[in-house]
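Participant: I'd like to ask you about the structure that follows.
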Amino acid sequence: MKKRMLLLGMAIWMAAALAGCGNDTIASTDQATAADQEQSENATTETQTDGSQTDANIEQAATGAPLIQMENQQKDWHSDDGSKWLMHAETQQLQVEIPGNDAAAQKINDWSEADASTFWENAEKTSEYAENDLESMSTVSGMEDLGTYSYYYSSFQSYNVMRADSQVISLRSYNNDYTGGIHGDYAYYGTTFDTMTGEELKIQDIVADMPSFRQQATKDIDKYLQENYSDGLFEDYQDTVEQIWEGEDGFNWYLNESGIMVIFNPYVVGPYAMGAVTVPLPYSSYASYLNPDYTTPETISAGNGELMEETVTKIRTSRLGGGAQQTENSDAAVAQTDSGNSDAAVAQTGSGNTPVNYGDLNVYMDQKNEFGGGTLTIELNEQKEQTEYFDRLCDSQILYLEDGRVFVLLVADHASDDYELFLYEVTDGKLKLKDQQDNLFIGDGSVSAGGRKNGMLMLKKNVNVFGSYQCSMTYSIGDDGKLVPDEEFFQVDIDNYPYSVLTVTRELPVSVNGGQTTLQTGTQIRITGTNDAGIALFETTDGKVSGEIHYTEPEGDSEFYHKINGITEDQYFESIPYAG
């Protein structure tokens, strides 16, 4: 079947997973500072950057709205002999651009740099406790393998841009830490900046009449908690609600397009099992108390172009024109770009293609609850298509093909990286679903850097074959509108799994250069790819031998392990790095 190559000039909107979709970015190894080396000789650091200028970013910058990108940073700590994975940590550093206002952007970037520095300082301190704790825990029966297959301690921090326009840039951070015990701890925190000055704002800056606002908001928060969480609230939760107004750090909040969102983290007004609670205080209900300089969102806001949990996103390119549109059931931002150049997204291929106005295209989660989950919805002109319920919308791309066809690609997540991909073709201003596949996704980061390869679409897939891995595959779009893999095998992103090594414990039958042979006991290998249908590619750690391992899938829900020549995989390897 003839392959259809995707234009390198495609216009793109994308989301970062920030709690949930992983990053597809260019990875580089940061050199540790002398202090870092002295504190942790066994720590490895990796920085992932998605700072390249996509077509959508260039168009967005022209609107004058803030452009916000993320640099993902991660680091690992291991025992001296490398046998134990002590700790893993990840955070994000903002890269903010505000057209015509470099000074304000620099202030916010300085804040983010300091925030990341504090995160790593705390992570270094926490890692010092991990080895002693792990050594102690490993003496407990059944805990001997702790830290062997996965990290023990962990610390994660990520950001969502909840609102970004000429008035404010409002962020919500997610922090998740595990330092032993039954479960880790997590929390959300809001941070808001004045776009014009770059200064961090306090709630007193947002509210003009604090006494009246406090009185009304306290009543409304109490009512909201009673109506939605009455069975789980602590007996003294009302005292806590009263106390959030005391001190600068008590009121945890952020802004979105609809209002002030008040956060109560686990253990604040209810137990851990109740989870984090976000109480909305709509601008419309508190208008007389608020400062209009910050609480009258623009119709057009840009943010970082992400399709996030609480976002209705307006996608516009030179081929997709029309006015902004807000759905009835959403309290989220409307993001749009318009290059102002009708030829901006059309590659000059000599095909004679001319720009076509397909009208209004809207992609959003038709929200059903405060957490942003809902029915994935796509609208074009008068047509409205809806899929099933998802926890979040991860990615959306408009794909222009060399032959003139136009597609819309969407990726949504049910929960915990349980992805589903939808591919719609746009023909004569109409949408038609052409392909739908489970467990394929784009990932976060720069699509221009990591989402395309040689003009083709690079997609990711999570596989569990002799370990848990994230794999990559390039795809084209066939004549029937379906995704066509470019190769037989998904390639494991082996740089992300430096410690996922399999040690052979019995003679392992393999195929090398088309012939059958065996690997001897003690041989160490890495999985480098799989067709996820019976064949895994491997390479010995010394790089001298590579080939295939043929396997059968587990049979039924009662079996977990794959089989090689009828023998379960756990009989062939010392340990297998499965997640979870």
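Just so it is clear, none of the values below were taken in a lab; they were calculated from the coordinates. All figures in this text were calculated on a predicted structure; none of them were measured in a lab. Cβ coordinates were reconstructed from backbone atoms using ideal geometry, including for glycine residues, and neighbour counts include every protein chain displayed.
Participant: Could you tally the net charge around residue 377, taking each other residue with its Cβ under 10 Å from the Cβ of residue 377, Lys/Arg +1 and Asp/Glu -1?
Facilitator: Cβ neighbours under 10 Å give a net charge of -2.
Participant: Sticking with the crude label model, points 7 Å out along Cα→Cβ, report the distance from residue 553 to residue 235 in nm, one decimal please.
Facilitator: 5.4 nm
Participant: How large are Rg and Dmax for the range 502-570 when only the alpha carbon atoms are used, in Å?
Facilitator: Values for the range 502-570 (Cα only, Rg and Dmax): 12.0, 37 Å.
Participant: Please give the length that would be gained between residue 565 and residue 533 if that part of the chain were fully extended, namely 0.36 nm times their separation in residues minus their C-alpha to C-alpha distance (nm, one decimal).
Facilitator: Length difference between fully extended and current span is 10.0 nm.
Participant: A further question on this structure: Given the pairs 432/482; 107/202; 430/461; 384/430; 384/432, which are separated by over 18 angstrom at their Cα positions?
Facilitator: Those over the limit are 430/461.
Participant: Additional query: Report the local net charge at residue 468: Lys and Arg +1, Asp and Glu -1, summed over other residues whose C-beta lies under 15 Å from its C-beta.
Facilitator: So the environment of residue 468 carries a net charge of -3.
Participant: In whole Hz and in residue order, list the ³J(HN,Hα) couplings for the range 115-120 that follow from phi through the Karplus curve 6.51 cos²θ - 1.76 cosθ + 1.60, θ = phi - 60°; x for Gly and Pro.
Facilitator: In residue order, the calculated couplings are 5, 5, 4, 5, 4, 5 Hz.
Participant: Send over the Kirkwood Rh of the range 232-294, from the inverse of the averaged 1/r over different Cα pairs, rounded to one decimal Å.
Facilitator: Answer for the range 232-294: a Kirkwood hydrodynamic radius of 12.9 Å.
Participant: Translational D (Stokes-Einstein, µm²/s) of the range 123-216 at 20 °C and 1.002 mPa s when Rh comes from the Kirkwood sum over C-alpha pairs?
Facilitator: It diffuses with D of about 127 µm²/s by this estimate.
Participant: Along the principal axes of its C-alpha atoms, what lengths does the range 73-183 span, in descending order and rounded to whole Å?
Facilitator: 61, 25, 19 Å, listed from the longest principal axis down.
Participant: Next question, about the same structure. Local charge sum around residue 212 (other residues, Cβ-Cβ under 14 Å, Lys/Arg +1, Asp/Glu -1)?
Facilitator: 0
Participant: Could you compute the FRET efficiency for residue 272 and residue 114, with r as their C-beta to C-beta distance and R0 at 22 Å, rounded to 0.05?
Facilitator: Here the calculated transfer efficiency is 0.15.
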